Amino acid sequence: TVPQSPLSERRGFGEVILEYSEQAAIEEASRCLDCDTFCSLCVSVCPNLAFLTYEATPLQARLPDLVVRDGALTREIGATVHIDQGLQVAVLTDFCNECGNCVTFCPTSGKPYIDKPRLFLNLADFEAEADNAFMIVAGDVPTIRGRFGGQTHELRAGDTLRYTTPALDATLHGETLALEAVSLRGEVADETRLPLAPVASLWTVLRGVGDSLPWLPRA
């Protein structure tokens, strides 16, 4: 319980809520549920069963930005990706009516139906989104598409990862995401920056959902 001053002493401007002692603070801190790491509360409170918990493989990778100069690609420092949380949550948008129940119960004041990776089964709905939209595609080779900046990116997970955007084709190592080969798809304006960071999002969702939720319908 929070220490408070006695009622008989609340006649001036003294504090009502008192400080914890060092020992009490340690005991209170030990009650932390680590909601930022393990919480799937939105999964349990969704009345439409739209939220899904899946296991994510830890990932650490440094993905460069590719910059077009004189018709060729140069590499520059890009994003360093750390995915340490083993349990992740995605929302199946076909079941979500955006009622806001997940927002009410979120212990971190988030908006899970907007913030979490959003999975689509309908192609038209998927292509209507500008960002944070994912579609796992049925086929012999595990494939996922994502919407980033109003464009569709695709990742195919064969012996290596094949990453395709409207501007480039790239091949990356399946574990380290190290860039192995890349080429432009047609003419791209000079000084155009093409980050490879979306690969990490696509790979995390594809691998996690594919392994944890094999029953989920593919588009």
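The values are calculated or read from the model by the stated rules, or taken from the named source; none is laboratory data. Predicted, not measured: the structure shown is a model, and the values here were computed from it. Glycine also receives a Cβ, built like all others from the backbone with ideal geometry; neighbour counts cover every protein chain displayed. Surface areas here come from the heavy atoms of the whole protein model, side chains and all, with no ligands, DNA or RNA. Shrake-Rupley method; radii C 1.70, N 1.55, O 1.52, S 1.80 Å.
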In a shell of Cβ-Cβ distance under 15 Å around Phe126, excluding Phe126 itself, what net charge do Lys and Arg (+1) and Asp and Glu (-1) give?
-2
In whole percent, what relative contact order does the chain give with Cα contacts below 8 Å and a gap of six or more residues?
19
Calculated FRET efficiency, Asn132 and Ser183, Cβ-Cβ r, R0 25 Å, to nearest 0.05?
0.35
Find how many whole Å separate the alpha carbon centroid of region 136-193 from the alpha carbon centroid of region 1-73.
34
What does the charge count near Val68 come to, summing +1 for each Lys or Arg and -1 for each Asp or Glu among other residues with Cβ under 15 Å from its Cβ?
-3
For region 138-213, averaging the sequence separation of alpha carbon pairs under 8 Å that lie six or more residues apart and dividing by its residue count, the contact order in percent is 22
Show the residues, 5+ positions off or on another chain, whose built amide H is closer than 5 Å to the amide H of Phe95.
none
Using Cα springs under 10 Å in a Gaussian network model of the chain, which residue among Glu27, Glu127, Glu154 shows the largest mean-square fluctuation?
Glu27
Whole-Hz ³J(HN,Hα) for each residue in region 136-145, computed from phi via Karplus 6.51 cos²θ - 1.76 cosθ + 1.60 with θ = phi - 60°, x for glycine and proline: what do you get?
8, 9, 5, x, 5, 9, x, 9, 9, 10
Under 12 Å, Cβ to Cβ, from Leu155 - net charge with Lys/Arg +1 and Asp/Glu -1
+2
Note, ³J(HN,Hα) from phi for region 70-80, Karplus 6.51, -1.76, 1.60, rounded to Hz, x at Gly and Pro
6, x, 10, 9, 10, 9, 10, 4, x, 8, 9
Rounded to 5, percent antiparallel among DSSP beta bridges of region 1-144
85
Taking Rh as the Kirkwood radius computed over C-alpha pairs, what is the Stokes-Einstein D of region 125-219 at 4 °C in a medium of viscosity 1.567 mPa s, expressed in µm² per second?
93
Base-10 log of normalised Debye intensity for the chain (one unit scatterer per alpha-carbon) at q = 0.08, 0.12, 0.15, 0.18 Å⁻¹
-0.41, -0.73, -1.01, -1.31
Which value, in Å², gives the accessible area per residue of the chain when a 1.4 Å probe is used on the protein heavy atoms?
58
Sequence-distant residues sharing a close amide H with Val81 (under 5 Å, placed H):
Ala61, Arg62, Leu63
Karplus ³J(HN,Hα) for region 192-200 (6.51 cos²θ - 1.76 cosθ + 1.60, θ = phi - 60°; Hz, whole; x = Gly/Pro) runs 6, 9, 10, x, 9, 4, x, 4, 4
Trypsin sites (Lys or Arg not before Pro) within region 132-206: DSSP coil, no more than 13 neighbouring Cβ in 10 Å:
Arg185
Percent antiparallel among DSSP beta bridges (both partners in region 68-148, rounded to 5)
70
